[in-house]
Amino acid sequence: MAAAVEANWSGPLTGLVVTRYGHSVPCRHIEVIEAAHPVPDAAGYTAARRIVDLVGGLTADDLVLCLLSGGGSALLVLPAPGIALEDKQAINRALLRCGAPIGEMNCVRKHLSAIKGGRLAVAAAPTPVVSLMISDVPGDDPSVIASGPTVPDETTAAQAVAILEKYRIEIPASVLEHLLGPSAETPKPGDPRFRHVSNRVIATPQDALEAAAQVARTAGFRTLILGNAIEGEARGRPGITAIAADTDGIDGSEDNAGAILSPDTLDRAGRAGLEPKAHLANNDAYPIFARLGDLVVTGPTRTNVNDFRAILIDKRS
């Protein structure tokens, strides 16, 4: 996104962006920092701290162009005062393990952050802010994309506490103290500090699905393409093949984009002594598909528009 801005921007331009390790591209005027995803690290913290400092030194005559995409919640990490980075890392790991949907995860992240949940826009006020977003969330809600650093937030700190309790996630004392205090609350819709903020979603998961469908049609296939989930088992259903992959080329913390499920996947797993249901219950499917040789490895695509699911049904079978 930064490289695209440089290629199309005619005026003076400086900036700083943070992306995942191995996902950067050369930029002439915009500094690029790499950091960890999905569990944040010190590099992401340093980048977020510098970004807040940069926008805080601007005026109403400047313009902040904010480029957001999937992964921003982990990459743009700036714990609220009194919360250690280690505590945020621990909670982030726990949220990933428990299988919470992205909306719940980002509700918690917003209320533990000094930059998410609209706080970046507040730090920049009264400087005009234009956010260009690539959505990676179902429904394309701007306040959920990258935890909405430039979007007013309707969720509450009480909801964040309820989510942590729902999944029985241990809450460090400093985190609980923060969540129960007034500083945890995010800026809400109607806050005048968002008067000069424009949030625009420029690409969505639906765009990716329609592009995939067009390629399939051009190739002569009639396919069913889904956005969020595949339910059921392939055993006993010959001619049904599915792919589940991340459009950025990396699935979570592993080196693959996803995996392919074929009619004989469960049978082959059984013969190999594997237990797919146990791995699925632990949100740990990687070892199954790695052992079967069914991982999809593409390398970074550098564009994240959500997870991708497609099912191919061969009626000849």
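Listing for the model above:
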item: Filter result for Tyr45 (aromatic (Phe, Trp, Tyr) and at pLDDT 95 or above); result: yes
item: Boolean, Val77 is among the β-branched types (Val, Ile, Thr), touching a Pro at 6+ places or on another chain (Cβ under 8 Å) and without any contact (Cβ under 8 Å) to a residue 60 or more places away in the chain; result: yes
item: Residue in the stretch 137-154 that is farther than 18 Å from Pro187 by Cα, in contact with a helix residue (DSSP H, G or I) (Cβ under 7 Å, 6 or more places away or on another chain), touching a residue at least 12 places away in the same chain (Cβ under 8 Å) and not in a helix (DSSP H, G or I) present; result: yes
item: Residue pairs meeting the criteria (Cβ under 6 Å; at least 6 apart or on separate chains; first touching a residue at least 24 places away in the same chain (Cβ under 8 Å), in the stretch 264-281; second of a type in the set (A, V, I, L, M) and assigned to a helix (DSSP H, G or I)); result: Arg268/Leu292
item: Number of the condition not met by Asp248 [criteria: (1) assigned to a loop (DSSP other than H, G, I, E, B); (2) charged (D, E, K, R); (3) modelled with pLDDT of 90 or more]; result: (3)
item: Criterion (on the phi < 0 side of the Ramachandran plot and more than 19 Å from the chain's Cα centre (by Cα)) met by exactly one of Thr19, Thr46; result: Thr46
item: Test set (1) at pLDDT below 90; (2) in contact with a Ser or Thr (Cβ under 6 Å, 6 or more places away or on another chain) - Ala257 fails condition number; result: (1)
item: Members of the stretch 105-136 that are touching a residue at least 60 places away in the same chain (Cβ under 8 Å) and assigned to a helix (DSSP H, G or I); result: Lys110, His111, Arg119, Leu120, Ala121, Val122, Ala123, Ala124
item: Whichever residue in the stretch 14-62 is of a type in the set (A, V, I, L, M, F, W, C) and exposed (fewer than 14 other Cβ atoms within 10 Å of the Cβ) and, among such residues, is nearest to Asn106 (Cα to Cα); result: Ala42
item: Top-ranked residue of the stretch 68-79 - restricted to ones that are in contact with a helix residue (DSSP H, G or I) (Cβ under 6 Å, 6 or more places away or on another chain) and of a type outside the set (Val, Ile, Thr), ranked as nearest to Arg109 (Cα to Cα); result: Ser73
item: Selection within the stretch 184-213 - surrounded by fewer than 16 Cβ atoms within 10 Å (Cβ to Cβ) and polar (S, T, N, Q); result: Ser198, Gln206
item: Qualifying residue in the stretch 173-183 (condition: assigned by TED's automatic domain parsing to the domain that holds Cys66, part of a loop (DSSP other than H, G, I, E, B) and surrounded by 15 or more Cβ atoms within 10 Å (Cβ to Cβ)); result: no
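The values are calculated or read from the model by the stated rules, or taken from the named source; none is laboratory data. What you see is a predicted model, and the numbers here were worked out from it, not measured in a lab. For neighbour counting, all protein chains shown are included, and Cβ atoms are generated from backbone atoms with ideal geometry for every residue, glycine included.
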